[in-house]
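These notes are about the structure you will find just below.
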Amino acid sequence: NRFAPYDDRIVFDVALDVGSTFNAVSTVGEFESWKSTAVEARKCLQLRVMLAASFAAPLVWAIPYQCFFVHLWGDSGAGKTVGTQFALSVWGDPTRLLRTFDSTAVGMERYAAFFHSLPYGIDELQTLNTKFMPTDQVVMKLSAGTGKTRGTKGGGIDKPTEWRLIFLTTGEEPLTKSNSQGGAKNRSI
């Protein structure tokens with residue numbers, strides 16, 4: 001019955017090295033101003049979908065439902081990043097909450113585990129190095145809701161990471177292609 005970071009009884013473990021992102025989840029600004037902007041933004045179908053997905057992300061854990069992707073794609077300058085930032089503004093400072101696809105698989109897993117049940121915004125699909133990490137593989141791994149099993153230096157097993165959330169992503173190309181696996185297609189909008 002607690003919802004971090006809005007419950008002051010929950011203590012943040014700074015050893016996770018994501019303190020800046022943690023601090024980005026906060027209440028700032030005028031709610032009425034944000035709300036009137038949201039009412040206007042919702043007139044655009046794509047923004048309405050991204051905003052709804054952002055609000056719905058914590059419900060994925062509660063239901064429980066499988067993680068999935070909501071992806072905006074199109075030409076540069078179409079407003080994809082700004083739309084995603086607006087959707088993330090529900091939870092805090094969107095410029096500090098939005099990550100990029102220019103990351104490793106481990107980095108993406110760790111951020112997914114950190115966000116846990118808040119939306120995880122990932123920008124610029126075209127920066128993903130698909131030679132080492134194909135897009136379908138990213139979708140399948142992250143939508144599984146658990147991190148890869150890893151051993152420790154001492155011979156044990158790392159504590160598994162888990163998350164249940166909605167991924168809000170952008171790019172200049174679709175997330176899935178005509179030859180994408182069915183599982184990747186079924187986990188993305």
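The values are calculated or read from the model by the stated rules, or taken from the named source; none is laboratory data. Everything numeric here is computed off the predicted structure, so don't read it as measured data. Cβ atoms come from the backbone with ideal geometry, glycine included; neighbour counts cover every protein chain shown. Note: accessible area is taken over every heavy atom of the protein model, side chains too, but ligands, DNA and RNA are not part of it. Shrake-Rupley method; radii C 1.70, N 1.55, O 1.52, S 1.80 Å.
If you take the alpha carbon radius of gyration of the stretch 83-138 and divide it by 2.2 N^0.38 Å, what ratio comes out, to two decimals?
Values: Rg = 11.6 Å, N = 56, 2.2 N^0.38 = 10.2 Å.
Its radius of gyration relative to the 2.2 N^0.38 Å reference: 1.15.
Given DSSP loops and a limit of at most 10 other Cβ atoms within 10 Å, what is the longest stretch of the chain that contains no such trypsin sites (Lys or Arg not before Pro)?
For trypsin sites (Lys or Arg not before Pro) (loop position, at most 10 other Cβ atoms within 10 Å), the longest site-free span of the chain is 44-130.
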- request: Return a whole-number percent for the relative contact order of the stretch 99-189, with Cα pairs under 8 Å and 6 or more residues apart as the contact set.
  value: 37
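Against the empirical 2.2 N^0.38 Å scaling, what ratio does the C-alpha Rg of the chain come to? Present the calculation step by step, with values, prior to reporting the outcome.
On the way: Rg = 16.7 Å, N = 189, 2.2 N^0.38 = 16.1 Å.
Cα Rg divided by the expected 2.2 N^0.38 Å: 1.03.
Among 140, 133, what's the order by accessible area (1.4 angstrom probe), most exposed first?
Numbers: 140 60, 133 25 Å².
Of 140, 133, the descending order of accessible area is 140, 133.
Express the carbon and sulfur contribution to the solvent-accessible surface of the chain as a percent, rounded to the nearest whole number, probe 1.4 angstrom. Provide the component values of the computation, followed by the final result.
Details: 5960 of 10970 Å².
The nonpolar share, carbon plus sulfur, comes to 54 percent.
With the other protein chains left in place, how much accessible area per residue, in square angstrom, belongs to the chain at a 1.4 angstrom probe? List each step's numbers first, then the result.
Numbers: 10970 Å² over 189 residues.
Per residue, the chain has an accessible area of 58 Å².
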message: Over 5 Å intervals from 0, what percent of Cα-Cα pairs in the stretch 86-189 sits in each interval?
response: 2, 12, 21, 24, 20, 11, 6, 3, 1
- prompt: For the chain, which span is the longest to avoid every loop-located (per DSSP) member of GluC sites (Glu not before Pro) having at most 16 other Cβ atoms inside 10 Å?
  reply: 31-171
Given charges at Cβ of Lys, Arg, Asp, Glu: the chain dipole, positive-most of 156, 118, 20: 156
message: Rounded to whole Å, give me the distance from the Cα center of the stretch 62-80 to that of the stretch 85-151.
response: 11
statement: Here the longest stretch of the chain that holds no chymotrypsin sites (Phe, Trp or Tyr not before Pro) in a DSSP loop having at most 14 other beta carbon atoms within 10 Å is 66-131
task: Run the dipole for the stretch 40-189 about the Cα centre, Lys and Arg Cβ at +1, Asp and Glu Cβ at -1, nothing else charged, and hand back the magnitude in debye, nearest 20.
output: 400
